[in-house]
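Here the structure comes first, spelled out in structure tokens, and everything after it is commentary.
Just so it is clear, none of the values below were taken in a lab; they were calculated from the coordinates. Everything quoted here is computed from the prediction, not taken from an experiment. Neighbour counts run over all protein chains shown; Cβ positions are idealised from the backbone, glycine included.
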Amino acid sequence: MTRVTGLFLASIALMLIVGHLLRDTPGFVVRNEDGSYEGDIVHYVYWTRLVTLGGIQAAYGGTWPETYAVYPPLPLYAYQAVGNLYRAVEDPTFDPQRAQESLWLRRAIKAVAQAWHLLTALAIYFVVRRGYGGRPAALTGSVYVINPALLYDVAHWAQPDGAHSLFSVLAIGLLSWSAMSLAALAKPQAWVLLPLLAVGTLRERGWRALVIGLLVGCAVSALVVLPFLLSGRLGELLSLPATVGSVMPVVSADAHNLWWIVATLRGIDPLFTNDSARLVGPLTYRVVAASLVVAQLLVTYWLYWTRRVSLAEAAALGILAGSCAPPRRTRITCSLRCRCWRSLCPAALRWCGSTGY
């Protein structure tokens, strides 16, 4: 084993240690008017109970946050597995109050987030190794797995965003439409990569591969949403995009994007300013943000199509457009730092290869 491989393994060990030390922290919380505190992990407990007792198809039949999950189905399958285990070893009735107070359940939910994170690091390692060898693979994987912002997200906050990141990395790194369909059904951020993957498949492998890839992606997607099809609740699933957009439609619910800076400089609180407020003349924050995203993506695709950047670099640029994204809900903007790192790590392939690392 080389020293750089040892560094990667040591980085993974450090990530696991941090996860263990933060296993009982409350995650990101906000203070309610009555003095109580509530955070995303409270919602994750609600959703775990929801899909465990009612099945995945029950995820979107109620009202956010207790009986409506604002994540696509894929991460909820992991919560369902955790919930079934919780019923087997802790509480067969899955009492809601007891579930919220259960350290076992919260630790298990955090373990899910850390598992997605670790799998993404391993995916980055193997994708980079496949193209450029062990040294850049170990360095890139190490930089990713111990990034403090990512550790905050998974070990403290318990965000399951690593699900879409894992399959996005595999989709771009392997030109895989099955992985792309799973990423798209894990979180909406992955949708920005769909046109890029189509262009990449067309340019690298031709029309036939693109058609086959799309068919494979549709088949995989159908398997994921099969419970909704069989139960006649597909309409509830299709309501997800609109619901996600309606939850906390503020300028910015997190500090990791362009709009927090813009709002702060204008002397307003982005967390309590609606994104339909005017920014410049008749143009709202939402309209300006959407225009910036479209412009960024068009430039990104042009750079890739004209061979000025690689596919991985184009993916990173596309994800960076998220910093200009329509400033909606925390779940739309909060994972920007994760998405940038998860995309920039594969983009390091080309640099590593060209510099001899």
Legend entry - Three-way shape label, the stretch 113-226, alpha-carbon gyration tensor, a/c 1.5: oblate
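Can you put VAL280, VAL225 in order of Cβ neighbours within 10 angstrom, beginning with the fewest?
In order of increasing Cβ crowding within 10 Å: VAL280, VAL225.
With each run of n ≥ 4 DSSP H residues scored as -39500 (n - 2.57), what mean residue ellipticity at 222 nm is computed for the chain after dividing by its residue count and rounding to the nearest 500 deg cm²/dmol?
For the chain, the value works out to -20500 deg cm²/dmol.
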Legend entry - Burial ordering of THR140, THR201, fewest other beta-carbon atoms within 10 Å first: THR201, THR140
Legend entry - 3J(HN,Hα) from dihedral phi, the stretch 144-161, Karplus parametrisation 6.51/-1.76/1.60, rounded to Hz, x for glycine, proline: 6, 5, 10, 4, x, 5, 5, 5, 4, 5, 8, 7, 9, 7, 6, 5, x, 5
Legend entry - Which of ILE212, ILE319 has the fewest Cβ neighbours within 10 Å, and the rest in rising order: ILE212, ILE319
Inset, instruction - Work out the length of the dipole vector of the stretch 57-121 about its Cα centre, built from +1 on the beta-carbon of each Lys and Arg and -1 on the beta-carbon of each Asp and Glu, and round it to the nearest 20 debye. - result: 200
Legend entry - Global geometry of the chain, whether rounded, prolate or oblate, following the gyration tensor of its Cα atoms and the 1.5 cut on a/c: rounded
Inset, instruction - Specify which residue in the list GLY245, LEU151, VAL29 is farthest towards the positive end of the charge dipole of the stretch 3-355, using unit charges on the beta carbon of Lys, Arg (+1) and Asp, Glu (-1), about the Cα centre. - result: LEU151
Inset, instruction - Assign one of three labels to the stretch 172-298, namely rounded, prolate or oblate, based on the Cα gyration tensor with a ≥ b ≥ c the square roots of its eigenvalues; rounded applies when a/c is under 1.5, prolate when it is not and a/b is larger than b/c, and oblate otherwise. - result: oblate
Legend entry - Estimated vicinal HN-Hα couplings, Hz - the stretch 285-294 in sequence order (Karplus 6.51, -1.76, 1.60; Gly, Pro = x): 4, 5, 5, 4, 4, 4, 5, 5, 5, 4
Legend entry - Mean separation of Cα contacts under 8 Å (6+ apart) over length of the stretch 48-146, as relative contact order %: 19
Legend entry - Proximal charge balance of ARG135 [Cβ under 13 Å; K/R count +1, D/E count -1]: +2
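Only four residue types carry charge here, +1 at the Cβ of Lys and Arg and -1 at the Cβ of Asp and Glu. Report the dipole size of the stretch 3-355 about the Cα centre in Debye, rounded to the nearest 20.
Here the size comes out at about 1320 debye.
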Inset, instruction - May I ask which residue of LEU118, VAL45, TYR132 lies farthest towards the positive end of the charge dipole of the stretch 7-162, with charges of +1 (Lys, Arg) and -1 (Asp, Glu) on Cβ and the Cα centre as origin? - result: TYR132
Legend entry - Relative contact order (%) - criterion: Cα under 8 Å, at least six apart; region: the stretch 3-355: 17
Inset, instruction - Could you pull out every residue, at least 5 positions away or on a different chain, whose amide H is within less than 5 Å of the one on THR284? Hs are placed 1.01 Å off N in the peptide plane, and Pro or chain starts have none. - result: LEU279
